[in-house]
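Read the structure below first, then the notes.
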Amino acid sequence: MPEESTTPDPVELARRFFAAVNRRDVDAVEHFYAPDAVLRGAEIGTIVGPAAIRSFFEDMLSRYDEFHGELEEISALGNGVGFLVTGCVARPVGSDEEVQLRLASVLVGTESVIEQQTNYIDIDEGRAAAERLAAERE
């Protein structure tokens, strides 16, 4: 009988992550990040450590009465590098208007945690960065 893989399925991990964000379960979100994790983005700067990343998500989610993120694309590029495209729809607190955001995330991780995450508004820029990073880590 073949052994089951202990390597986490990146698609399942991403789905679980977005389920936690959509539930606003910042405790669960925090546990997706390694102890020395780094989250980067042009709009947010650099955030280091799961507690600070949790605070970022708490602050972001508190700005919306409704928030829903959906995974549009995921690719495991090898060498611990993943690429995601996410679509988010939200309704700011006190507003009837909806805002939409689509972003790319380049993830580096091991086992079931994210060590580095860099977000890009330009999907093609994010994809190119992910491909370069995967090739550099060979």
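The values are calculated or read from the model by the stated rules, or taken from the named source; none is laboratory data. Because the structure is a prediction, the values reported are computed rather than measured. Cβ sites come from the backbone with ideal geometry, for glycine too, and all protein chains shown count toward neighbours. To get the accessible areas, we keep the full protein, side chains included, count just its heavy atoms, and leave off ligands, DNA and RNA. Shrake-Rupley method; radii C 1.70, N 1.55, O 1.52, S 1.80 Å.
If each DSSP helix of 4+ residues adds -39,500 (n - 2.57) and the sum is divided by the residues in the chain, what number results at 222 nm, nearest 500 deg cm²/dmol? It lands at -10000 deg cm²/dmol.
Dipole orientation for region 93-138: of the candidates 103, 133, 121, 133 has the Cα lying most toward the positive pole (charges on Cβ; Lys, Arg +1; Asp, Glu -1).
Surface analysis of the chain yields an accessible area of 60 Å² per residue, using protein heavy atoms and a 1.4 Å probe. Rg over Rh for the chain works out to 0.98, using Cα positions for both radii and the Kirkwood form for Rh. Taking the C-alpha atoms only, the angle from helix 123-136 to the longest principal axis of the chain is near 30 degrees.
Could you work out how far helix 50-62 tilts from the main Cα principal axis of the chain, as a 0 to 90 degree angle to the nearest 10? Long axis of 50-62 versus the principal axis of the chain: about 40 degrees. Here the chain exposes an accessible surface that is 48 percent carbon and sulfur, computed with a 1.4 Å probe and the other protein chains kept in place.
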